[in-house]
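Participant: Structure provided below as structure tokens; questions to follow.
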Amino acid sequence: MKLVLLAGGKGERLKPLTETKQKTLMPILNKPLICRHLEKLIKNLNFDQIIIIISYKKEQVIDTINNCIENNKNITYVDQLEEKGTGHAIKLAMEYGGEGDYLIVYSDLYLSNNVYNNLIKLKSPGIVVTESINPVNYGVVKIDNEIVKEIKEKPKNNEYQSNMIFAGIIRFPYEAKKYLDNLRLSPRNEYEVTDAINDMAREFDVSVLKIPRNEWQDIGRPWELLLANRLALEEEVKDKVIMGDVHETVIIKGNVFIDKNTEIKPYTIIEGPAYISGKVSIGPTSHIRPYTILMDGSSVGYSVEVKGSIVMKHAKLPHFNYVGDSIVGEYVNLGAGTITANLRFDHKPIKMKVKQDVIDTDMEKLGSIIGDHAQTGINVSILPGKRIGSYALIYPGCIVNRDVESHEIFKCK
């Protein structure tokens, strides 16, 4: 079997996080998604060859894999050059790999350990499916007797009576390449692999492997990275593991992982599940609340509260900050008193602008998405669901009531 990982897309819907890094490098408990896929898949399945399709920020992808996978001699990178869709990417992989059976995985997915373990059950040709409460956002699959009848890409409401969606994992024999060769551009101006699956399903049985909804998460939009990490915390942080330097006055409750070379200063409270990476500094008198992830080299200073958030590498929350249900990018520096509001007065779900659309996130609590290297002055307040672009600068005392673009200087009126 050959493994194909798709890692070429720009991740436009994930901005500002993808302004500075490739979408498959988004972290799950401090580990890039693509490294997680490679480690888990190599552990559970035997592959003769691994082909990774790259394009946007391809050097980042290659460097990251070189740093996280020791035995990478059988990994080949194929440059898509032009991002023409999933069908085009898989076709390139098959042209390079030649005869054989292919397991194809979209690399911007979170999968549970159980899913990795069960992929051996996926027949060829076959696809993985899961349930969704909002199936119209995905490729909706019509199934009869465990066989694919049709896939409809992002159908209109009530157009398709199914809540099963294509979960971004395929097993194809090499013979499936002819269906990829015959693809035509879709209305989105891409070659869609779902069109090839439809063509194949008219001639052959394409089987399905169903996986539980709570063991899969698409990471196409910023808040979905929060959801994926919360699933990972529940699955992988099942005990209290403390390897860092923790002051005797610190209170730790629940399942918490604290890595080596981390300092937890006096009178700090940590409530799990939480994941604290290496070389992190916390406190004094800070409060780390459940579902928080602090990545390598980040710091949480005096009287700072962090709840349900991802604080990425080398980000600084120095003093008197509140960060709730937010993502703070790498090397971000929040001025004293900067807070992220995460709840509307009317308690309605928070909306966020994604590309040109305003999307209902279905989340009652959602704070800010702050891109890498952004900086705020003192006493800045950021309203729920706002995105701050990478390298943006927010002046002191401002209320951020709209999205801030990359490199923008935001001044109060």
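The values are calculated or read from the model by the stated rules, or taken from the named source; none is laboratory data. Keep in mind that this is a model prediction, so the values were computed, not measured. With ideal geometry, Cβ positions are generated from the backbone for all residues, glycine too; neighbour counts draw on all protein chains shown.
Participant: So if I check each of Thr361, Thr376, which one is modelled with pLDDT under 95 and crowded, with 19+ Cβ neighbours inside 10 Å? Walk me through how you get there before you give the answer.
Facilitator: Details: Thr376 fails: modelled with pLDDT under 95.
Of Thr361, Thr376, the one residue that is modelled with pLDDT under 95 and crowded, with 19+ Cβ neighbours inside 10 Å is Thr361.
Participant: I would also like to ask the following. Tell me, please, whether a residue that is crowded, with 23+ Cβ neighbours inside 10 Å, under 18 Å from Thr194 (Cβ atoms) and either in the same structural domain as Asp357 (by TED's automatic domain parsing) or of a type in the set (Ser, Thr, Tyr) (or both) can be found in the stretch 88-101.
Facilitator: Scanning the stretch 88-101, I find no residue that is crowded, with 23+ Cβ neighbours inside 10 Å, under 18 Å from Thr194 (Cβ atoms) and either in the same structural domain as Asp357 (by TED's automatic domain parsing) or of a type in the set (Ser, Thr, Tyr) (or both), so the answer is no.
Participant: Let me ask something else about it. Quick one: would you say Asn66 is more than 30 Å from Trp223 (Cβ to Cβ), within 21 Å of the chain's Cα centre (by Cα) and not in a loop (DSSP other than H, G, I, E, B)? So that I can check it myself, show each step before the final result.
Facilitator: Numbers: more than 30 Å from Trp223 (Cβ to Cβ): yes; within 21 Å of the chain's Cα centre (by Cα): yes; not in a loop (DSSP other than H, G, I, E, B): yes.
Here the answer is yes, as Asn66 does meet what is asked.
Participant: While we're here: So which residues in the stretch 228-248 are within 22 Å of the chain's Cα centre (by Cα) and in contact (Cβ under 8 Å) with a residue 24 or more places away in the chain? It would help to see each step written out before you state the result.
Facilitator: So in the stretch 228-248, the residues within 22 Å of the chain's Cα centre (by Cα) come out as 228-238.
Result: Ala228, Asn229, Arg230, Leu231, Ala232, Leu233, Glu234, Glu235, Glu236, Val237.
Participant: Here is a further query. (1) more than 19 Å from Asn401 (Cβ to Cβ); (2) buried (at least 24 other Cβ atoms within 10 Å of the Cβ); (3) over 19 Å from the mean Cα position of the chain (by Cα): which one isn't true of Met312, the others all being true?
Facilitator: Among (1) more than 19 Å from Asn401 (Cβ to Cβ); (2) buried (at least 24 other Cβ atoms within 10 Å of the Cβ); (3) over 19 Å from the mean Cα position of the chain (by Cα), Met312 violates only (3).
Participant: Residues of the stretch 379-393 being more than 21 Å from Ala336 (Cβ to Cβ) and either modelled with pLDDT under 95 or not in a loop (DSSP other than H, G, I, E, B) (or both), which ones?
Facilitator: Answer for the stretch 379-393, where residues must be more than 21 Å from Ala336 (Cβ to Cβ) and either modelled with pLDDT under 95 or not in a loop (DSSP other than H, G, I, E, B) (or both): just Arg387.
Participant: Which condition breaks for Leu81 when tested against (1) within 20 Å of Ile197 (Cβ to Cβ); (2) more than 23 Å from the chain's Cα centre (by Cα)?
Facilitator: (1)
Participant: Kindly indicate the residue of the stretch 177-193 that is touching a residue at least 60 places away in the same chain (Cβ under 8 Å) and in a helix (DSSP H, G or I) and also nearest to Val148 (Cα to Cα) among those meeting that condition.
Facilitator: Val193
Participant: Assigned to a loop (DSSP other than H, G, I, E, B), in the same structural domain as Ile288 (by TED's automatic domain parsing), under 23 Å from Glu12 (Cβ atoms) and over 18 Å from the mean Cα position of the chain (by Cα), is that true of Pro396?
Facilitator: Numbers: assigned to a loop (DSSP other than H, G, I, E, B): yes; in the same structural domain as Ile288 (by TED's automatic domain parsing): yes; under 23 Å from Glu12 (Cβ atoms): no; over 18 Å from the mean Cα position of the chain (by Cα): yes.
Here the answer is no, as Pro396 does not meet what is asked.
Participant: Looking at Val323 and the list (1) part of a strand (DSSP E or B); (2) surrounded by fewer than 24 Cβ atoms within 10 Å (Cβ to Cβ), which single condition is not satisfied?
Facilitator: Of the numbered conditions (1) part of a strand (DSSP E or B); (2) surrounded by fewer than 24 Cβ atoms within 10 Å (Cβ to Cβ), the odd one out for Val323 is (2).
Participant: Can you find a residue that is assigned to a strand (DSSP E or B), of a type outside the set (A, V, I, L, M, F, W, C) and at pLDDT below 90 anywhere in the stretch 119-129? Quick ask: steps written out before the conclusion?
Facilitator: Filtering the stretch 119-129 for residues assigned to a strand (DSSP E or B) gives 126-129.
Now restrict to residues that are of a type outside the set (A, V, I, L, M, F, W, C): 126.
Those still in the list that are at pLDDT below 90 too: none.
Looking for residues that are assigned to a strand (DSSP E or B), of a type outside the set (A, V, I, L, M, F, W, C) and at pLDDT below 90, one finds none in the stretch 119-129, hence no.
Participant: What is the residue count in the stretch 198-216 for residues that are touching a helix residue (DSSP H, G or I) at 6+ places or on another chain (Cβ under 8 Å) and either closer than 17 Å to Asn30 by Cα or aliphatic (A, V, I, L, M) (or both)?
Facilitator: Adding up the residues that qualify gives 4.
Participant: Based on this model, can you work out whether Leu45 counts as at pLDDT below 90 and closer than 19 Å to Pro125 by Cα? Before you say what the answer is, go through the steps one by one.
Facilitator: Values: at pLDDT below 90: yes; closer than 19 Å to Pro125 by Cα: yes.
Yes: the conditions hold for Leu45.
Participant: Follow-up. Look at Lys15 and say whether it is more than 18 Å from Trp216 (Cβ to Cβ) and either surrounded by 24 or more Cβ atoms within 10 Å (Cβ to Cβ) or not polar (S, T, N, Q) (or both). I'd like the intermediate steps shown before the answer.
Facilitator: Details: more than 18 Å from Trp216 (Cβ to Cβ): yes; either surrounded by 24 or more Cβ atoms within 10 Å (Cβ to Cβ) or not polar (S, T, N, Q) (or both): yes.
It is true that Lys15 is more than 18 Å from Trp216 (Cβ to Cβ) and either surrounded by 24 or more Cβ atoms within 10 Å (Cβ to Cβ) or not polar (S, T, N, Q) (or both).
Participant: Next question. Out of everything in the stretch 350-371 that is touching a Lys or Arg at 6+ places or on another chain (Cβ under 7 Å) and assigned to a loop (DSSP other than H, G, I, E, B), what residue ends up being nearest to Val328 (Cα to Cα)?
Facilitator: Ser368
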